[in-house]
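*Asks:* Got a structure for you, written out below as structure tokens; questions coming shortly.
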């Protein structure tokens, strides 16, 4: 599989729109449409599933007003991947440069020690995430796809799973290992096992991480991931003016 180019990566296809350029929008209008809540052209996951939400590629003033109404006055809103200009009445509260990697020859394979995790495992998953901070994981995040874990003496010590699901692609996320068991290659094994399941469905794995997470980047590149684009993890505070009294509705 050859590397994919896109915004932030030099190459002849750099300016060509791609489904991974706005992966939350592609997910919520595609395989994850059953999760989508909508106001106008703004889509989001339920707040107990994922903080990811999706603006259109060309948000206008109406879209920003819909987002403010959806979030609520003064709410902090995650805007992963957004690189445009915020309206004057929005305040940036968080920004970290990020990178997006795609499968470019992973030695994906099932792992004999990995077990499927489900709703009954969520308390342990939330505890592991709280101790390792791999990124957002909420009470219903497990519903987004397959999550695999490794247990020792019955305790969950490592996990990884699937998050965003643009057509033809599945994101690997929530990769974490209990600090007492790091250095054993558990994260590598779980990444390859999750990737194997993704490929078995005829799709391609991808993932995101911070541009400053050099250890993770080295690991991903050594496994066979290739940088596709640079992105950003951004959050902004909605204006304090009252939102219209109109709730988000599921996408038909």
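The values are calculated or read from the model by the stated rules, or taken from the named source; none is laboratory data. Because the structure is predicted, anything quoted here is derived from the model rather than measured. In this analysis, Cβ positions are derived from the backbone assuming ideal geometry, glycine residues included, and neighbour counts consider all displayed protein chains.
*Asks:* Could you say whether any residue in the range 199-215 is within 15 Å of residue 109 (Cβ to Cβ) and out of contact with any helix residue (DSSP H, G or I) (no Cβ under 6 Å at 6 or more places or on another chain)?
*Replies:* Initially, the range 199-215 is screened for residues within 15 Å of residue 109 (Cβ to Cβ), giving 199-200, 205.
So of that shortlist, the ones also out of contact with any helix residue (DSSP H, G or I) (no Cβ under 6 Å at 6 or more places or on another chain) come out as 199-200.
Within the range 199-215, one or more residues are within 15 Å of residue 109 (Cβ to Cβ) and out of contact with any helix residue (DSSP H, G or I) (no Cβ under 6 Å at 6 or more places or on another chain).
*Asks:* Please go through the range 181-205 and pick out each residue that is over 20 Å from residue 151 (Cα atoms) and either in contact with a strand residue (DSSP E or B) (Cβ under 6 Å, 6 or more places away or on another chain) or assigned to a helix (DSSP H, G or I) (or both).
*Replies:* Kept after step one, since they are over 20 Å from residue 151 (Cα atoms), are these residues of the range 181-205: 198-205.
Residues satisfying the conditions are 198, 199, 200, 203, 204, 205.
*Asks:* Any idea which residue in the range 129-143 is farthest from residue 209 (Cα to Cα), counting only those that are touching a strand residue (DSSP E or B) at 6+ places or on another chain (Cβ under 7 Å) and assigned to a loop (DSSP other than H, G, I, E, B)?
*Replies:* Of everything passing the filter in the range 129-143, 137 is farthest from residue 209 (Cα to Cα).
*Asks:* Please enumerate the residues belonging to the range 88-109 that are in contact with a strand residue (DSSP E or B) (Cβ under 9 Å, 6 or more places away or on another chain) and assigned to a loop (DSSP other than H, G, I, E, B). Please lay out each step first, then the result.
*Replies:* Taking the range 88-109 as the starting set, the residues that turn out to be in contact with a strand residue (DSSP E or B) (Cβ under 9 Å, 6 or more places away or on another chain) are 90-106, 108.
Scanning the range 88-109 gives 90, 104, 105, 106, 108.
*Asks:* Same structure, new question: Quick one: in the range 77-86, of everything that is surrounded by fewer than 17 Cβ atoms within 10 Å (Cβ to Cβ) and touching a residue at least 60 places away in the same chain (Cβ under 8 Å), which residue is nearest to the chain's Cα centre (by Cα)? Break it down stepwise before answering.
*Replies:* Our first condition is that a residue be surrounded by fewer than 17 Cβ atoms within 10 Å (Cβ to Cβ); within the range 77-86, this holds for 83-86.
If we keep only those that are touching a residue at least 60 places away in the same chain (Cβ under 8 Å) too, we end up with 83, 86.
On the way: 83: 17, 86: 22 Å.
Result: 83.
Yes or no, residue by residue, for (1) outside the structural domain of residue 117 (by TED's automatic domain parsing); (2) within 30 Å of residue 88 (Cα to Cα); (3) in contact (Cβ under 8 Å) with a residue 60 or more places away in the chain:
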position: 167; (1), (2), (3): no, no, yes
position: 181; (1), (2), (3): no, no, no
position: 194; (1), (2), (3): no, no, no
position: 208; (1), (2), (3): no, yes, yes
position: 217; (1), (2), (3): no, no, yes
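*Asks:* Does the range 58-67 include one or more residues that are in a loop (DSSP other than H, G, I, E, B), modelled with pLDDT under 90, assigned by TED's automatic domain parsing to the domain that holds residue 29 and exposed (fewer than 12 other Cβ atoms within 10 Å of the Cβ)?
*Replies:* Quick first cut of the range 58-67, residues in a loop (DSSP other than H, G, I, E, B) only: 58-60.
Now drop any that are not modelled with pLDDT under 90, which leaves none.
Within the range 58-67, none of the residues are in a loop (DSSP other than H, G, I, E, B), modelled with pLDDT under 90, assigned by TED's automatic domain parsing to the domain that holds residue 29 and exposed (fewer than 12 other Cβ atoms within 10 Å of the Cβ).
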